[in-house]
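Below is one structure, written out as structure tokens, with a few remarks after it.
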Amino acid sequence: MAAAPVLVLLLLLPETSAATIVHRRCQRLKKADITHSHIYETAADIVQGDLSFHKIVRESLLIPSKITFLDPAMMFLNCYTSLVYGIYYSFFEAFPIVYQDIYEFNLGEMGLAFLAIVVGTIVSFLVYNLYIQRIFVPNARNGGFKNPEDVLKPALFACFGPAVGLFLFGWAARPEVHWIVPTIGIVIYPACVFVLMQCIFLYIPACYPKYAASVFAATDFTRSAFACGAVIFSRPLYVNLGIGPGCSLLAGLTVGCVVGIYVLYNYGEALRLRSKFVSKW
């Protein structure tokens, strides 16, 4: 359902790849040159002229792995996105325990609790787009963003949100506490995760514009694989430890990642220079 509009956009959005635009222009010049008196070739065509299909497939599969394991910054981002994405899906397994077992909601009322995720996402969407329009775009036009780490500034604030949302949801889920309190924790978590993901999705192509698709592929695979596993182990986690301790365990992991975000913002350039992937490519 979500992919259908994207498929439609593929037919409407303009081409933005510089190499592809120049290649198509070269092809038009070749067709216009009836006498064939000129040789039209692009730098990308020359580089890719010796690439075989086997080599293209091999590099397409190896480059994401190499970037992930040889670049410490990318490895941290993959671990971080996997963690917050997996915890996001683990919420779905906690809803029946909290709202049906603790607050005695029926199935329909428990389903309405999922609207908290929609509320949190909409709020963060509005706030983040306001930041893009009022701060990011004007600064980018004036040359204010000189390093890829500059796009992580909203993440410096949003990285505290997942832990806050988890602690609030886990320890407020008690019969003597109104159900709206843990629901506020649900609102906080996806709201901050949305901002974090947007910052990371800007940071990745800023670091590796040539291999952006490969890095995105590795990030998408790792976080989706971890989220798949999180759905399996999350219910036993909540049942055996309890909602409060279980959420505290997950929140503790996100607190450790807060340090990683600040390290990445302050020392990301140094980490990229030490990357073994950059030295090999």
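Throughout, read-outs are computed from the coordinates displayed, never taken from laboratory work. Remember, it's a predicted structure, so these values are computed and weren't measured experimentally. Reconstructed Cβ throughout: ideal geometry from the backbone, glycine too, with neighbour counts over all protein chains shown.
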- Task: Among the aspartates and glutamates, select those whose C-alpha is under 19 Å from the C-alpha of LYS66, and discard any that sit fewer than 8 residues away in the same chain.
- Result: ASP220, GLU269
- Message: Here is the link list: LYS31/LYS55; LYS146/LYS210; LYS55/LYS210. Which ones come out longer than 27 Å on Cα distance?
- Response: LYS31/LYS55
- Ignoring GluC sites (Glu not before Pro) buried by more than 15 other Cβ within 10 Å or outside DSSP loops, the longest site-free run in the chain is 177-281
- Task: State the answer as a single residue: which of LEU126, TYR40, GLN198 lies farthest towards the positive end of the charge dipole of the chain, with beta carbon charges of +1 for Lys and Arg and -1 for Asp and Glu, about the Cα centre.
- Result: TYR40
- Message: Bins of 5 Å, beginning at zero and ending with the bin holding the largest distance: percent of Cα pairs per bin for the chain, please.
- Response: 1, 5, 9, 13, 15, 14, 12, 10, 7, 5, 3, 2, 1, 1, 1, 0, 0, 0
- Task: Calculate the dipole size of the chain relative to its Cα centre from +1 charges on Lys and Arg beta carbons and -1 charges on Asp and Glu beta carbons; express the result in debye to the nearest 20.
- Result: 980
- Note on the structure: Helix 243-273: inclination vs the chain longest Cα principal axis, degrees, rounded to 10, gives 30
- Amide H neighbours of PHE105 under 5 Å, at least 5 residues apart or on other chains, H built in the peptide plane: list them. GLN100
- Post the alpha-carbon centroid distance, region 140-158 to region 76-124, in whole angstrom. 30
- Any idea what the alpha-carbon Rg over 2.2 N^0.38 Å comes to for region 153-281? 1.25
- Query: By count of other Cβ within 10 Å, fewest leading, how are MET197, MET74, MET1, MET110 ordered?
  - Reply: MET1, MET110, MET197, MET74
- Taking Cα atoms, the helix 161-172 axis meets the longest principal axis of the chain at an angle in degrees (rounded to 10) of 20
- Message: Need the full-extension length gain, GLU41 to ARG174, defined as separation in residues times 0.36 nm minus the C-alpha distance. One decimal, nm.
- Response: 41.0 nm
- Query: Okay, helix-only estimate at 222 nm for the chain: each DSSP H run of n ≥ 4 adds -39500 (n - 2.57), divide by all residues, round to 500 deg cm²/dmol; what do you get?
  - Reply: -25000 deg cm²/dmol
